[in-house]
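Student: Below: one structure in structure tokens.
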Amino acid sequence: MDKIKISDKFDLFDEVWTPKIIAQSNGQLVKIAKGEGELVWHQHENEDELFIVFKGSLTLLLPDREVVLNPGEMFVVPKGVEHCPRAEAGTQFMMIEPASTAHTGEHDTDRTVSCEDQVWI
């Protein structure tokens, strides 16, 4: 394994809400993504989902509150908690989650990216 310069990885793609896998450790995938607008409300019944923001602002809409993440901030959405990510244009963030985590949980929409289509970069 070579060291990874995360900012260089963000330069390799432009799609939003399309996770890219950059590493794996102990069954956890390290993914990066860009966001703009809202994704969809969804939940992961069996997996926690960790978000870390590098650029921009990511708001995690939860049933009872909103969590706003700015660069250098992180939040873990516990398994089973419904959430909807919303981002301002240009937002870049990382997710760390088990390899079994479905992109939009049980909701299959036109924005859903299957596990097989979440490519390594």
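Student: Report the calculated FRET efficiency for E88 and Q28 (r = Cβ-Cβ distance, R0 = 22 Å), to the nearest 0.05.
Tutor: About 0.20, to the nearest 0.05.
Student: Set the Förster distance to 35 Å, then compute FRET efficiency between A99 and D2 from the Cβ-Cβ distance, nearest 0.05.
Tutor: Efficiency for this residue pair is about 0.95.
Taken together, the values in this text are just the output of simple stated rules run on the coordinates, not laboratory data. Note that the structure is a prediction, hence the values are computed from the model and not measured. Cβ coordinates were reconstructed from backbone atoms using ideal geometry, including for glycine residues, and neighbour counts include every protein chain displayed.
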